[in-house]
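Student: Quick one: the structure is below, questions incoming.
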Amino acid sequence: MATQAARLDSGQARSLYLHGAVGRGKSWLLDGFFQALPHTHKRRLHFHDFFAHLHQGMFEHRHQDDALACTLDQMLEACQVLCFDEFHVHDIGDAMLITRLFQALFARRIFVLVTSNYAPEGLLPNPLYHQRFKPVISLINSQMQVLQVDGEQDYRSLPNAASQQRFTQGHYLCPGSPQQRQALRLPSLGEVSIPLQVGKRELQARLIRQDTVGFDFAQLCAQPTAVIDYLELARRFDHWILDGLPCLEQCSIAEQQRFINLVDVLYDQDKHLVLIGAAPLDESLQGMASDLARTRSRLGQLRQIG
């Protein structure tokens, strides 16, 4: 990484792709690299956030000859160094856009640093679509230096590993008894749903109070919500209560993925979360979605009661 940083000014730096298991220090390395760079034209973004706004921008510029180029001009301006945290691909529609995105970034000679839980060959693992994503994998391997960040220790599991984060000050309640809720002075979630407009979508909340919002799992994750909805909600509310977490293995893959995306957004945006489920956390987080390991690691930092 130091070698590529030294080459940035000459324009000879090779982009970097860091991959490894959850909690091995990839984001820490990315943050250190980013902070050490003297460049002012640099951006550090969570991939969820960037990609949601990329979709939105391309819709706004859909009548232009090259909607992607117009959107990147608007989003990146004079950016020379672009750092993506938590890069992953599971949807073939996203995969096709990611192909164009990476081609455009490399054509603009932007230095790209990516962290991911997956080696390039492990992206879009669905056998129905993986073959169609191989051009991107080849592009990553040819244009980027691929480095594995590995080790035995999950640093997120260490005591005080993230004591300054608001997210890690949150709680997981099981089974969410009245006594547990009262001990945390949780506001009661109303029996009547409260309509909440998010973009063009109307969601049903159970609580809205200043910077606090409460939802049932079914209201937020069993409905066709999207990352852009979670990002908008995260901009408006700092404190979250999510009630009724089921055992995820009983949910559809789509519901599991929405929950994963929601936790990613709340973690990335450092929001305070109280999550309430009927079963112990480890039992609730069993499922088939491929990114659940990251979700287990992140929610494992919550203070568990019950």
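Every read-out reported here was derived from the displayed coordinates using simple, explicitly stated rules and does not represent laboratory data. It should be emphasised that the depicted structure is a prediction, and the values quoted were computed from it without experimental measurement. Note that we place each Cβ from the backbone using ideal geometry, even for glycine, and neighbour counts take in every protein chain shown.
Student: Looking only at the range 286-306, which residues have a backbone nitrogen under 19 Å from a spot 7 Å from the Cα of W28 in the C-beta direction?
Tutor: Output list for this probe position: 294-302.
Student: Turning to a different aspect of this structure: Can you work out the FRET efficiency for the pair L128 and Q250, with r the C-beta to C-beta distance and R0 = 22 Å, to the nearest 0.05? Provide the component values of the computation, followed by the final result.
Tutor: Values: r = 24 Å, r/R0 = 1.10.
Efficiency, from the Cβ-Cβ distance: 0.35.
Student: Something else now. Packing-wise, with mean Cβ within 10 Å as the measure, how do 144-152, 269-277 rank, highest first?
Tutor: Working: 144-152: 13.4, 269-277: 21.2.
Packing proxy ranking, top to bottom: 269-277, 144-152.
Student: What's the Cα-based Rg to Rh of the range 2-148, Rh via Kirkwood? Intermediate results must be reported in sequence, preceding the final value.
Tutor: On the way: Rg = 15.0 Å, Rh = 15.8 Å.
Radius of gyration over Kirkwood radius for the range 2-148 works out to 0.95.
Student: Want the number for V146 to T212: 0.36 nm per residue separation, take away the alpha-carbon distance, what's left?
Tutor: Contour length minus Cα-Cα distance gives 19.6 nm.
Student: Search the structure for amide H atoms under 5 Å from the amide H of V198, placed 1.01 Å from N in the peptide plane, and list their residues when 5 or more places away or on another chain.
Tutor: Close amide H contacts, sequence-distant or interchain: L203.
Student: Which of the lysines could be linked to K134 by a straight reach, that is with a Cα gap under 25 Å, when you skip same-chain ones fewer than 8 residues away?
Tutor: Output for K134: K26.
Student: May I ask you to sort T295, T99 by Cβ crowding, counting other Cβ atoms within 10 Å and putting the fewest first?
Tutor: Exposure proxy ranking, most exposed first: T99, T295.
Student: I've got another one for you. What does the extension gain come out to for R236 and Q64, with contour length at 0.36 nm per residue minus their alpha carbon separation?
Tutor: 58.8 nm
Student: Applying a 10 Å radius around every beta-carbon, put 257-264, 218-225 in order of their mean neighbour count, most first.
Tutor: 257-264, 218-225
Student: Which of the following values of semi-axes √(5λ) of the Cα gyration tensor in Å was calculated from the structure shown: (1) 34, 22, 19; (2) 52, 18, 16; (3) 43, 22, 18?
Tutor: Only one option fits the structure, namely (1).
Student: Report the FRET efficiency, 1/(1 + (r/R0)^6), for Q169 and R43, where r is their Cβ-Cβ distance and R0 is 22 Å, rounded to 0.05.
Tutor: 0.20
Student: Using packing as a proxy for protection, rank 34-47, 84-97 so that the peptide with the highest average count of other Cβ atoms within 10 Å comes first.
Tutor: On the way: 34-47: 14.6, 84-97: 17.6.
Final packing ranking: 84-97, 34-47.
Student: Okay, moving on. Using Cβ contacts closer than 10 Å as the measure, can you line up S284, S193 from fewest to most?
Tutor: Going from sparsest to densest Cβ surroundings: S193, S284.
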